[in-house]
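**Student:** Following this message is one structure expressed as structure tokens.
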Amino acid sequence: MLLVVLVLVGVAFGAVGVLGMRGRLHRNRFFGVRTKATLRDDEAFALANRIAAAPTLAAGGIALVAAAAIAVNPGTAVLVGVLGLVGAFVIAAAGGVLGHRAAEAMPAPEPAGCGGCACAGACGVLQRA
């Protein structure tokens, strides 16, 4: 069971890392670095996931190496499995923090334009008439 979990985690982290590195991971609700700073626009999300790609790939590799170690020596399944799983998630989380910080450092996007009542108090003028 732990072997299967490690393989699934390793493949998932590997796929997210490759997509992030290539800039092909689009904003979504499930995969990648998802914080308020990274989800504000597509550029911030792409940058954060490009920065987090290397640690995410390393996390996937650690999970897969732990799975291989369990397959070779099943007697160490619990110890190696738990260490591999915890190590993979810690490294992936560290990559997420790096990506979040990079997205936070980006300048905020300019508003697209003036719309509605926000421009020059137009609503106040219309209400008085």
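**Student:** As an exercise: evaluate A48 against (1) closer than 30 Å to M1 by Cα; (2) small (G, A, S); (3) not in a loop (DSSP other than H, G, I, E, B) and give the number of the one condition it does not meet.
**Tutor:** Exception for A48: condition (1).
**Student:** Given the condition within 20 Å of G20 (Cα to Cα) and assigned to a helix (DSSP H, G or I), answer yes or no: does some residue in the stretch 65-72 qualify?
**Tutor:** No, the stretch 65-72 has no match at all.
**Student:** Looking at the stretch 31-44, can you tell me whether even one residue there is part of a loop (DSSP other than H, G, I, E, B), of a type in the set (K, R) and without any contact (Cβ under 8 Å) to a residue 24 or more places away in the chain?
**Tutor:** Yes, there is a match, as at least one residue in the stretch 31-44 is part of a loop (DSSP other than H, G, I, E, B), of a type in the set (K, R) and without any contact (Cβ under 8 Å) to a residue 24 or more places away in the chain.
**Student:** Can I ask one more? Take A59 and decide whether it is surrounded by 24 or more Cβ atoms within 10 Å (Cβ to Cβ) and in contact (Cβ under 8 Å) with a residue 12 or more places away in the chain.
**Tutor:** Answer is yes for this residue.
**Student:** Which one is surrounded by the fewest Cβ atoms within 10 Å (Cβ to Cβ), of the residues in the stretch 13-30 that are assigned to a helix (DSSP H, G or I) and either on the phi > 0 side of the Ramachandran plot or not hydrophobic (A, V, I, L, M, F, W, C) (or both)?
**Tutor:** My answer is R22.
Bear in mind that the values in this text are calculations on the coordinates, not laboratory data. Source: prediction; values computed, not measured. Reconstructed Cβ throughout: ideal geometry from the backbone, glycine too, with neighbour counts over all protein chains shown.
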